[in-house]
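All remarks here apply to the structure that follows.
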Amino acid sequence: MHDLNDMRYFAEVVDHGSFSGAARILELPTSRLSRRIARLEAELGVRLLNRTTRKLSLTAAGEQYHRHCVAVRDQADQAQAELARILTEPRGPLRVSCPVTLAQATIGPLIPDYLARHPKVRLEMQVSNRVVDLAEEGVDVALRVRPTLDDSGSAIIKRLGLSHGLLVASPALLRRHGRPEQPADLERFDAVGMSATGGKVRLRLLGPQGARHEAACRPACVADDLMTLRFAILGGVGVGMLPDYMCHEDIAQGRLERILPDWSLVSGIVHAAYLSRRGMSPALRSFLDFLGEKLARDPEGDLVGVSPLRPVNGAPAPSPATLPGTD
């Protein structure tokens, strides 16, 4: 089979009217280009060019062969351009795993904007608090919220922000039982939480100057879903902890009140985990860049600063306590 590069070389020589002109475009020595065309003619067993000291002209066979060479060259250029576009334009499936609350309060509302920018991406969101195995389950990126990044294994991490939480209660509950003045006061309240260890909802608090306190409260409601806990707290079932991006509007509108504002919990780091930078698809790269852009708008890294559920009427966001992360 003939070298297809020789067909391109022949088309360029004819189109530029000389070996020297074609050699400049192809970035080849003129002598080498001339030898390649001579070898092509020998392999084909026909003269393609009439050569004189002043110009080149096509033979009848050369004229017909030139048309085919141009077609091959143009198709090759089109294929190269299409491949380059595929390699740079975000497109195709993108599988994302995301915790339920993060998806509902922050990531989910941002998705229409991302897909409007990249309409050829087909987003497949797995909204679950289950820890996924990226390689085993074919997930491109897992969004996670954890107190530390030490347990991320071999995954590559892109830090996106901080998940802050607030200790809150409904005004009705506080009218009935009073407002706690110190962490020990919490133990006379019913509480809601994601678990009850030893029959108690345990709130591990960090205070001023490194003080620590664990409040063991009566469990009025235990659920592994923060939105369910939010409804319970709003209904006056008990005190509890919610992410600031989930409850800041409730506080601004007076539906919830923050309690013990000088005490906080362990920070949760919002991050993306993926397997490798090598061979990263344009869809994944664009998604990570998009989240980095959106979630970096707040200089402190607080998700409340970027959540679409922002306080209305210019009400200030509450000062952050911190929330343990969930996957």
* Asked: Is it the case that some residue within the range 153-162 is in contact with a Cys (Cβ under 7 Å, 6 or more places away or on another chain), over 18 Å from residue 99 (Cα atoms), free of Cβ contacts under 8 Å to residues at least 60 places away in the same chain and not aromatic (Phe, Trp, Tyr)?
  -> no
* Kindly indicate whether any position in the range 74-82 is out of contact with any Pro (no Cβ under 9 Å at 6 or more places or on another chain) and in contact (Cβ under 8 Å) with a residue 60 or more places away in the chain. => yes
* Select from the range 74-89 the residues that are at pLDDT 75 or above and open to solvent by 90 Å² or more (accessible area, probe 1.4 Å) and list them in ascending order. => 75, 78, 80, 88
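If I filter the range 211-250 down to residues being under 30 Å from the mean Cα position of the chain (by Cα) and farther than 19 Å from residue 196 by Cβ, which single residue comes out as modelled with the highest pLDDT? Don't jump to the end; show me each part of the working.
Our first condition is that a residue be under 30 Å from the mean Cα position of the chain (by Cα); within the range 211-250, this holds for 223-231, 241-250.
From what's left, farther than 19 Å from residue 196 by Cβ: 243-250.
Numbers: 243: 81, 244: 78, 245: 75, 246: 82, 247: 85, 248: 83, 249: 86, 250: 92.
Here the answer is 250.
Among the candidates 33, 26, 40, 44, which residue alone is more than 52 Å from the chain's Cα centre (by Cα), in contact (Cβ under 8 Å) with a residue 12 or more places away in the chain and more than 30 Å from residue 121 (Cα to Cα)?
44
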* Out of the residues in the range 107-135 that are open to solvent by 40 Å² or more (accessible area, probe 1.4 Å) and assigned to a strand (DSSP E or B), state the one that is nearest to residue 286 (Cα to Cα). => 122
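The values are calculated or read from the model by the stated rules, or taken from the named source; none is laboratory data. Remember, it's a predicted structure, so these values are computed and weren't measured experimentally. Ideal geometry is used to build each Cβ from the backbone, glycine not excepted, and the neighbour counts take in all protein chains shown. Side chains included, ligands, DNA and RNA excluded: accessible areas come from the protein's heavy atoms. Shrake-Rupley method; radii C 1.70, N 1.55, O 1.52, S 1.80 Å.
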